[in-house]
Amino acid sequence: MSDDLYLSRNEIQQLSTQLRALRSWVCRDLDDAVCRQVEHGGQSEVKPTSDEQPLTFNEHASSIATHLHDTLARWVDLICTQRERPWPGNLTTSQYATWLDRHLVDLAVMPEAGRADREITEALRRALRAIDRPRDSEFIGPCQSPSKTVRCDGLYVRPGATTLACSLCGMRSDVEKVREQTNRAVADRLYLSHELSSALSIITGTKVPFERVRNWVRRNKLSVVSSTADGDLYRLSDALELLQRSQERQRGKAS
């Protein structure tokens, strides 16, 4: 974090990647999840014609879509208020994501920027779970192209892939190197205790229960780095170190 910014350069880049993912495909796929076509459904009051497929309404996905939309709209409103930017009007979720991506510097100079980052990241995580996107679309990080004239979307790979070409600029990247760079970029991020289990699960690729994080906090194994109105913040790298020690002890007992 620089003297006049509340988000680091890496955090701004990561948030931009997430917002562009929302714009390019997440919002569309979430809409499909809300009102999904089914080939073999149950009973329906309205019988489809021969060339129609019945639609089912997914109330859970609808709730998540509303939460995502409201989260982005709320931060657009706050930026416009504090930074005296013109209100863009009532937009779709995808359009709000585009607007935020274009005004990340305005957000980064606001003291609330860290909370915005966490809330948008969490809203995106919930959207991805509602979409249940196949594993062949695993996100590993931003495109590694040095070009400043092309703004690429994030990189998504299939399990077992070792290299990947960006679908927009064509640059080929080493999958493990991109993962390592992404993990290093987010390791110093600060999270609330209830957010840490999700962050650890994403970074390690394995489920880390919240109860484990809560036990670390209770036993003072995690040091509070900062505090906000929402609660104490903990560093992801500290939690990763604790998790690694725990896994090493378990391997030692098993051998």
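The values are calculated or read from the model by the stated rules, or taken from the named source; none is laboratory data. Just so we're clear, the structure is a prediction, and the values are computed from it rather than from any experiment. Counting neighbours? That spans all protein chains shown, and the Cβs are built from the backbone with ideal geometry, glycine included.
Restricting to segment 216-255, give me the number of residues that are more than 26 Å from Asp117 (Cα to Cα) and in contact with a strand residue (DSSP E or B) (Cβ under 6 Å, 6 or more places away or on another chain).
Looking only at that region, the number is 0.
Could you tell me which residue of segment 162-181 is farthest from Thr204 (Cα to Cα), considering only residues that are of a type in the set (A, V, I, L, M) and at pLDDT below 85?
Leu168
Just for segment 193-221: of the residues that are among the aliphatic types (A, V, I, L, M) and touching a Ser or Thr at 6+ places or on another chain (Cβ under 8 Å), which one is surrounded by the fewest Cβ atoms within 10 Å (Cβ to Cβ)?
Ranking the candidates gives Val217 first.
Considering segment 198-222 alone, what residues qualify as being under 26 Å from Arg179 (Cα atoms) and in a loop (DSSP other than H, G, I, E, B)?
Within segment 198-222, Gly205, Thr206, Lys207, Val208, Pro209, Leu222 qualify.
If you check Leu233 against the conditions, is it in a helix (DSSP H, G or I) and touching a residue at least 24 places away in the same chain (Cβ under 8 Å)?
Values: in a helix (DSSP H, G or I): no; touching a residue at least 24 places away in the same chain (Cβ under 8 Å): yes.
In short, no.
Give the residues of segment 199-255 that are of a type in the set (A, V, I, L, M) and over 25 Å from Gly141 (Cβ atoms), sorted by residue number. Don't jump to the end; show me each part of the working.
Looking only at segment 199-255, we keep the residues that are of a type in the set (A, V, I, L, M), and these are 199-200, 202-203, 208, 213, 217, 222, 224-225, 229, 233, 236, 239-240, 242-243, 254.
Residues satisfying the conditions are Val217, Leu222, Val224, Ala229, Ala254.
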